[in-house]
1. Among the candidates 383, 354, 391, 419, single out the residue that is surrounded by fewer than 20 Cβ atoms within 10 Å (Cβ to Cβ), under 27 Å from residue 475 (Cβ atoms) and at pLDDT 90 or above.
2. Quick one: count up the residues across the stretch 145-176 that are among the β-branched types (Val, Ile, Thr) and either without any contact (Cβ under 8 Å) to a residue 60 or more places away in the chain or outside any helix (DSSP H, G or I) (or both).
3. Looking at 111, 61 in this structure, which one is in contact with a Ser or Thr (Cβ under 8 Å, 6 or more places away or on another chain), assigned by TED's automatic domain parsing to the domain that holds residue 10 and under 30 Å from residue 394 (Cα atoms)?
4. I'd like to check something: does the stretch 79-92 contain any residue that is touching an Asp or Glu at 6+ places or on another chain (Cβ under 7 Å), at pLDDT 85 or above, surrounded by 18 or more Cβ atoms within 10 Å (Cβ to Cβ) and among the hydrophobic types (A, V, I, L, M, F, W, C)?
5. When the stretch 440-461 is examined, which residues are found to be more than 16 Å from residue 401 (Cα to Cα) and assigned to a helix (DSSP H, G or I)?
6. Which residue, of 80, 69, is over 12 Å from residue 114 (Cβ atoms) and either in contact with a Leu (Cβ under 9 Å, 6 or more places away or on another chain) or assigned to a strand (DSSP E or B) (or both)?
7. Mind telling me which of the residues 223, 270, 296, 218 ends up being of a type outside the set (Phe, Trp, Tyr) and free of Cβ contacts under 8 Å to residues at least 12 places away in the same chain?
8. Among (1) within 24 Å of residue 173 (Cα to Cα); (2) in a helix (DSSP H, G or I), which single condition is residue 210 missing?
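The values are calculated or read from the model by the stated rules, or taken from the named source; none is laboratory data. Since this is a predicted model, take the numbers as computed values, not measurements. Ideal geometry is used to build each Cβ from the backbone, glycine not excepted, and the neighbour counts take in all protein chains shown.
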Amino acid sequence: MISVLKKYLERNRHGHVVEEFKDLHLSHPNYPSLYSITDTLDVLGIENMAANVPKNQLENLPDSFIASVKSETMEGFVFVSKSSDIITYETESDEKHSLPIDEFRGLWDGLILAVEKNEKAAELKKSNLILPISFGLLILIFLVSIFAYGFEIYGLIFRALSLVGLFVSIFILQEKNEEANELVSKICSFSVNTSCDSVIKSKNSQITKWLSFTDLPILLFSINFMAVSLGNSSFGTIGLLSILSVPVCLYSIYLQKATLKKWCILCLVISSVVIGQSVLYALNMDFLDIHLTAVIQYSIIAAICTAIWFYTKKIMEERKDLANRNKDLFRFKRNFSLFDFLSPEVKEKDELIALKPISIGNPNAALTLRLFLSPSCGHCHTAYKKGKEFAEMYPEKVKLAVYFNLNIENSDNPYLEVARNLLEIHFSGSNILEAIEDWHVLNLGLENWLKKWKQQTISTEAEMELNNQYQWCVKNEFNYTPVKIMDHKLLPREYEIDEIKYFLSELEDQKSEKSH
């Protein structure tokens, strides 16, 4: 269903989270259930709804959604685009079908998944800039080589074709590694008979254990592009190699036509470029002659590019294998039963509820993230920042409560004054959020912070509350900070605060069951 959902998310301007969704979904302990999809969307903060809808309400549904369909030949989820009287749906295998609404109503079982459209402009991630920067650099090299070696027509065409071939080769690698951009995906699946993904990832694309059809274009055109960028002497060599590569292109076309019965647009472009260079060479053999020096130069470039590519390929495969292993381990870690087992309930829960912490966030949130901190603890600064960010990310579900684990009888601790003053500010109704931010986020330092926030007197209430919080920690044998508690359960040390987001739905359900 990932392919279907990817198209749906991109249609609703959530394309910037597609890769993150894929990683979270594949690592979900309930993968590939519908719950794993809705839960992952919840984690990403995307409003969504999965529901059974009466079939007579089909016309009233949004213009696009995901629907569950069932027929004699197909069963699963499809991406639906709806017009006034026609339904167009796309399957997981990138097939497109158009039906009148009444016919689609017969296929549809009533189950839909819908998401809220993203009205905010998506931020461009740094990783998304790598490809445009790389392409810009290649174009710059292309232009420099033209100005350096002249505007002779054959040289210009050979350089242009080599650049196009290199660009398309990179797109093929992206498609193989499931990193294709939106435009390329649309080009590759513009009709029922086209699917770059099916062709590139097929078993037939593997030539030997260490070489596949996807290696050939990136090798050929990276070598060609480097060769033509360094001079005019390699055109004949490139032309001859292009002619020798034509049988491979014809075999690729035959596989797509007869065996796979799917066309790969990117592969066809590569074949067209190779054939184009072959024709150009065949028509101008006398002009594009081959010299021994040019062959040696081309061979050296080929050896260097081949070595670099297979080294890079090995790293890419190892990273992909590592990512797959991490998904399996992450799926294990995201199992709520395991998280719940590792999260013991704290002692004296009634006493914990009776404490008066510094509360931050929505007071009506269902869950409370409790942090017992010490002003002198560097890790507590990090815990506070993450806790506050977490509460801000899920304001309807989580609020933050800050406590202190400090012995008030330890007069040698200079940071005790920070806790005392923070509680006094809290009880007096002053700007507690700014005061605690100055300490844990801006790190003003003890002297500067006290100069700004030191209270004239510390009330008995603040002293007693600080002592009560410390005594509660003593009863629970918490002789460290930060102590992280989700409601009444101690957060396991194997989990970070931001990883609680994977269990919010289960924690809410668990709390609701206990309250009932």
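1. Numbers: 383 fails: surrounded by fewer than 20 Cβ atoms within 10 Å (Cβ to Cβ); 391 fails: surrounded by fewer than 20 Cβ atoms within 10 Å (Cβ to Cβ); 419 fails: surrounded by fewer than 20 Cβ atoms within 10 Å (Cβ to Cβ).
Unique residue meeting the criteria: 354.
2. First, the residues of the stretch 145-176 that are among the β-branched types (Val, Ile, Thr): 146, 153, 157, 164, 168, 170, 172.
Among the residues that remain, those that are also either without any contact (Cβ under 8 Å) to a residue 60 or more places away in the chain or outside any helix (DSSP H, G or I) (or both) are: 146, 153, 170.
Residues that pass the stated criteria total 3.
3. On the way: 61 fails: in contact with a Ser or Thr (Cβ under 8 Å, 6 or more places away or on another chain).
Just one listed residue meets the conditions, 111.
4. yes
5. 446, 447, 448, 449, 450, 451, 452, 453, 460, 461
6. On the way: 80 fails: over 12 Å from residue 114 (Cβ atoms).
After ruling out the rest, the residue left standing is 69.
7. Details: 223 fails: free of Cβ contacts under 8 Å to residues at least 12 places away in the same chain; 270 fails: free of Cβ contacts under 8 Å to residues at least 12 places away in the same chain; 218 fails: free of Cβ contacts under 8 Å to residues at least 12 places away in the same chain.
None of the others qualify; the one that does is 296.
8. Status for residue 210: all satisfied but (2).
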